[in-house]
Amino acid sequence: MFGAALTVFGVAFFLWLGFWQLGRADQKQALLDQYAVGQQSQIEITPENAASLARYQRARVSGRFDPAHQILLDNMPSHAGQPGYRVLTAFETSAGWLLVDRGWLPLGATRSQLPDISVGTDERTITGTIDDLPRAGLELATPPVDANAPWPRVLSFPQQPALEQQFGHELIPGVLLLDASQPDGYERVWEAHLGFSPERHVGYAVQWFALALAAVVLFVITSFRTKKATDESPR
């Protein structure tokens, strides 16, 4: 009985993990589909649509950078995995304040040596892709805002409420990933944030389903051998 119960539990657990991986594959495929759709057309950011911009939507907007108020996102890898910062610069538009991700920069020789991220204040039209702010795998409590802290400020995985506290005003949701063709940017290799591809999740699902099948086969073989041994034992 114990063996049967253990097998049932193991099979149920393996099946759950398999279907969970298939669900993750569907989620990743949906992100890829959303990215593909968003890249097909470009919209103008206006006061009417600023609060409801779809993730991965290509967009353009006119305004001015605020070089006096910028954020260096800490613990951000380059496309090749090198540690550094991503530069978030406030951009004033008719639709409100928008955060523009101007790309990745490497760390300085020391932590106290911050990169030069100066940018002009001229009126301009910029283009890019709407995205969510990066999130940490484990989210920590938001540190208190020091109104006297110098700019640029180095922050690790801040979310919108924390950034609005830093800047002192509301922000358009999300961030605009500045196109690589635009000036005043750094390393910009933008793509859908997947982690694992849908195919990899499907591969993991197949492995879990195979383990479930193996557990059933092992139980059947073990049960058959036990019964055979019992039948052949002298009475």
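Surface analysis of region 15-94 yields an accessible area of 50 Å² per residue, using protein heavy atoms and a 1.4 Å probe. Legend: helices of the chain (whole DSSP H runs) are marked when their alpha-carbon atoms reach 18 angstrom or more along the helix axis and their mean Kyte-Doolittle hydropathy is at least 0.0; marked are 2-38, 198-232. For residue 165 and residue 180, the difference between the fully extended length at 0.36 nm per residue and the C-alpha to C-alpha distance is 2.5 nm. For residue 191 and residue 74, FRET efficiency with R0 = 22 Å and r from the beta-carbon atoms, rounded to 0.05? Approximately 0.55, to the nearest 0.05.
Can you classify region 150-222 as rounded, prolate or oblate using the Cα gyration tensor, where a ≥ b ≥ c are the square roots of its eigenvalues, rounded means a/c under 1.5, and otherwise it's prolate if a/b beats b/c and oblate if not? Because a/c hits 1.5 or more and a/b exceeds b/c, region 150-222 counts as prolate.
Ordered by 1.4 Å accessible area with all protein chains kept, 92, 170, 199 run largest first as 170, 199, 92. What does the net charge come to around residue 97 if you take all other residues with beta carbon closer than 13 Å to its beta carbon, with K and R at +1 and D and E at -1? With Lys, Arg at +1 and Asp, Glu at -1, the net is -3. At R0 = 22 Å, how high is the FRET efficiency between residue 107 and residue 147 if r is their beta carbon distance? Nearest 0.05 is fine. Approximately 0.25, to the nearest 0.05. In whole Å, how far is the Cα centre of region 98-134 from that of region 201-215? After rounding, the separation between the Cα centres reads 44 Å. Here the contact order of region 1-118, divided by its residue count and restricted to Cα pairs under 8 Å and six or more residues apart, works out to 16 percent. Computed from the C-beta positions of residue 135 and residue 92, the FRET efficiency with R₀ = 25 Å rounds to 0.45. Its DSSP H runs of at least 4 residues, each contributing -39,500 (n - 2.57), put the calculated 222 nm mean residue ellipticity of the chain at -12000 deg cm²/dmol, to the nearest 500.
The values are calculated or read from the model by the stated rules, or taken from the named source; none is laboratory data. In this text the structure is predicted, and so the values were computed from the model without any measurement. Quick reminder, even Gly has a Cβ in these numbers, built from the backbone with ideal geometry, and neighbours come from all protein chains shown. Just so you know, the surface numbers come from the protein's heavy atoms only, side chains and all, with ligands and any DNA or RNA stripped out. Shrake-Rupley method; radii C 1.70, N 1.55, O 1.52, S 1.80 Å.
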